[in-house]
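None of the figures in this text is laboratory data; all of them are computed from the coordinates on show. None of the values given here were measured: they were computed from a predicted structure. With ideal geometry, Cβ positions are generated from the backbone for all residues, glycine too; neighbour counts draw on all protein chains shown.
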Amino acid sequence: MLDDSFIFTVTDLKQFDYCARVVFYERCLPHVRPRTHKMDAGHKAHEDEQGRARRRSLAGYGLPNGERHFDVPLQCNRLGLRGKLDELVIVPEGEMLPVDYKLGRKVEANHRLQLAAYALLLEAKYGVAVDRGFLFLIPLRKTVEVAIDAKLRAAVETRLKSLREMVERERMPEATQLRVRCFDCEFRRFCNDI
């Protein structure tokens, strides 16, 4: 059994892929994270979207019908990972489809990684194969289907291993190569190399 300091969230995994330093600061320097307007806006947008989703049909996912569940808690001790899935659609034939809401206007690699992590958590909890999922881009009102393939699954396992090593060693990782990400980062003042 892993202790809580080594059970990461799916959001940690997504952030690690975006910029590993964000997770380093949160895990190795706890209680220093500044709260930003962007975080609050994201939380509110997710809540609002769930309200709208409850009223929508499943046509946006290419499904005639299915059962919807929101804020689904998931955890797998083998992976050392937990998260709360925005939406889970269960198709009458038993297929489980993770749906994650995004405030962005395009699908990024870390979004795909996050969705794959949710797929692995669903598989661990329910014992069913999850071969695809959806990202819902809130500003565009657009649904993007994502295949959960072997490469994406392996990326989840590899990133989790690297994430765990970073926290165990308490070693600050290199800054992201995409420095444009730094401009509105809540930890910008901590880095001093930007």
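Quick notes on this structure:
- Total formal charge among the other residues, if their Cβ is under 9 angstrom from that of Gly60, Lys/Arg +1 and Asp/Glu -1: +3
- Tensor-based shape of the range 27-144 (alpha-carbon gyration tensor, a/c under 1.5 rounded, otherwise prolate or oblate): oblate
- Were the residues from Arg171 through Leu103 laid out at 0.36 nm apart, the gain over their Cα-Cα distance would be 21.4 nm.
- Paramagnetic reach from Lys44 in the range 134-163 [backbone N under 17 Å; point 7 Å along Cα→Cβ]: 138-139
- GNM result for the chain, Cα springs below 10 Å: residue of Leu85, Leu29, Leu152 fluctuating most strongly: Leu29
- Within the chain, the selection of entire DSSP H helices by a Cα span of 24 Å or greater along the long axis and an average Kyte-Doolittle value of at least -1.0 returns 109-126, 150-169.
- Reducing the range 159-178 and the range 98-122 to their Cα centroids gives an inter-centroid distance of 20 Å.
- Relative contact order for the range 4-191, counting Cα pairs under 8 Å that sit 6 or more residues apart, in percent: 25
- Distance between modelled label sites at Phe6 and Glu145, nm, 7 Å Cα→Cβ extension: 4.0
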